[in-house]
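Colleague: If you scroll down you'll find the structure; I have some questions about it.
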Amino acid sequence: MTSTIVLAVVAAVLTTPIQDHHQAQATDRARHGMGFDQHRTTHHFLIDADGGTIQVTAKDAGDAESERRIRAHLQHIAKAFAEGDFSLPLFIHETEPPGTAIMKERRSMLSFTFERMPAGGKVVIRTSDPPALAALHDFLRFQIREHKTGDPLMPAERRR
């Protein structure tokens, strides 16, 4: 019993620096790939019954530079995803997020629309195609976990 507890403590101590290092590297790649400081912005990945939303806002409503960069990034993402280009999430996370292969394959069944919002913007993604929807939800759940947003993992209508 004592050896099990010691091993658990040692494992926790050893993995924390590794996890912190991985998170720091991902934050650096995100800053480079997205063009804005992750510490000055807030991400949300919202899952809906017919799609989902990628939303980014500046934490400081007066941060015009972050707002400009967020909007440019999200406009780029909407266009790239519509063309089946998911290379940025791969670059940031150093792995292909779940769902991207099917989203590429079925991109004509998905719509990606940039919308401006106060302090930032969002990409609204819609589909009526069940395989594309399932892939999108897998992709968004991955983003929620990776970015540690705390957003619900189920579609909005199921969260009630």
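Just so you know, all these numbers are worked out from the coordinates, no wet-lab data involved. Bear in mind the structure is a predicted one, so any value in this text is a computation, not a measurement. Here the Cβ positions follow ideal geometry from the backbone for every residue, glycine too, while neighbour counts run over all protein chains shown.
Colleague: In what order do Met109, Met103 fall by count of nearby beta-carbon atoms within 10 Å, going from fewest to most?
Modeller: Details: Met109 17, Met103 24.
So the ranking, lowest neighbour count to highest, is Met109, Met103.
Colleague: Hey, which of these cross-link pairs are over 22 Å Cα-Cα: Lys59/Lys148; Lys122/Lys148; Lys104/Lys148?
Modeller: Numbers: Lys59/Lys148 16 Å; Lys122/Lys148 18 Å; Lys104/Lys148 25 Å.
The answer is Lys104/Lys148.
Colleague: Which one, Leu110, Thr95, Ile70, projects farthest toward the positive side of the charge dipole computed for the stretch 55-160 from Cβ point charges (K/R +1, D/E -1)?
Modeller: Checked the options; the winner is Leu110.
Colleague: For Phe86, what residues show an amide H to amide H distance below 5 Å, using hydrogens built from the backbone and excluding near sequence neighbours?
Modeller: Sorted by chain and number, the residues that satisfy this come to none at all.
Colleague: Sticking with this one: Working from the pairwise distances between different alpha carbons, so that the mean of 1/r is found and then inverted, what is the stretch 64-159's Kirkwood radius in Å?
Modeller: 14.0 Å
Colleague: Continuing with this model, one more query. What is the set of long-range amide H partners of Asp48 at a cut-off below 5 Å, with H atoms built 1.01 Å from backbone N?
Modeller: Thr53, Ala156
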